[in-house]
1. B:K54 to B:T12: extension gain in nm, 0.36 nm per residue of separation minus the Cα-Cα distance?
2. Toward the positive end of the charge dipole of the protein assembly as shown, about the Cα centre and with charges on Cβ (Lys, Arg +1; Asp, Glu -1), which of A:A81, B:I43, A:V4 goes farthest?
3. Along the Cα-to-C-beta direction of B:H73, a point sits 7 Å from the Cα; which residues of region B:16-43 have their amide N less than 12 Å from that point?
4. Take the Cβ-Cβ distance between B:Q104 and A:I54 as r, set R0 to 35 Å, and report the resulting FRET efficiency rounded to the nearest 0.05.
5. Can you pull the mean other chain C-beta count within 10 Å for peptide A:102-109?
6. Give me the one-decimal Kirkwood hydrodynamic radius in Å for region A:2-57, with the sum taken over alpha-carbon pairs.
7. Give me the percent of Cα-Cα pairs in chain B that sit more than 23 Å apart, rounded to a whole number.
8. So how strong a dipole does region B:47-102 carry about its Cα centre when Lys and Arg Cβ are +1 and Asp and Glu Cβ are -1, to the nearest 20 debye?
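All of the numbers you see were taken from the coordinates with simple rules; none came from a lab. For clarity, every value in this text was computed on a predicted model and none was experimentally measured. Don't worry about glycine lacking a Cβ; one is built from the backbone with ideal geometry, like all the others, and counts go over all protein chains shown.
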Amino acid sequence: NAGVTQTPKFQVLKTGQSMTLQCAQDMNHEYMSWYRQDPGMGLRLIHYSVGAGITDQGEVPNGYNVSRSTTEDFPLRLLSAAPSQTSVYFCASSYSAQAYNSPLHFGNGTRLTVT
Amino acid sequence: KNEVEQSPQNLTAQEGEFITINCSYSVGISALHWLQQHPGGGIVSLFMLSSGKKKHGRLIATINIQEKHSSLHITASHPRDSAVYICEAGTASKLTFGTGTRLQVTL
């Protein structure tokens, strides 16, 4: 099993550009989520999904869109990049739809810089 | 005040020392997780606790539900334990993460 595969590893965007961060898991996990990690702050939830066709907003959803058309894939779209979106992004999945109930499996992260 | 507070923020230890990292939370939780973030950035789950104590190799995690406190202990620390350790408090509605404790173990 590959686990959680997240691409790209690094990305530089200009303000106003759009892009999609890819996330795929091969563990048949119900729960998938996107976090951003900024210096001095804990991981913050952007969006999450408890199953195919179901998505919901997290703590910091503005400027980001997600979709979950299959159990395996959960892409994160930046609609119009802003410097405030410079961060490290992590995708994570969990077996249980109640995410507290089983360990999170993380992708390797994407370091995004918006200039 | 953050819902999850970790201490210390930074910790330097010599190889072989016993290490304790603390996590206090203010919400009622269903489970608490300890994560390890490697210097390269990858994050792995170490423990999931809802009560008592768990042990895996040189790592021990404890939780006191009444006091809303958890500790992660590392016995006989080694330079490969150098990482950021993150506490994650899970409720039925959300997960909240501490800001992490950066551990550096030197020879």
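1. 12.7 nm
2. Final value for the positive-end residue is A:A81.
3. Inside the label zone: B:18-21.
4. The calculated FRET efficiency here is 0.25.
5. For this peptide, the per-residue mean of nearby foreign Cβ atoms is 6.
6. Hydrodynamic radius (Kirkwood, Cα pairs) of region A:2-57 is 13.3 Å.
7. Percentage above 23 Å: 21.
8. That gives region B:47-102 a dipole magnitude of about 120 debye.
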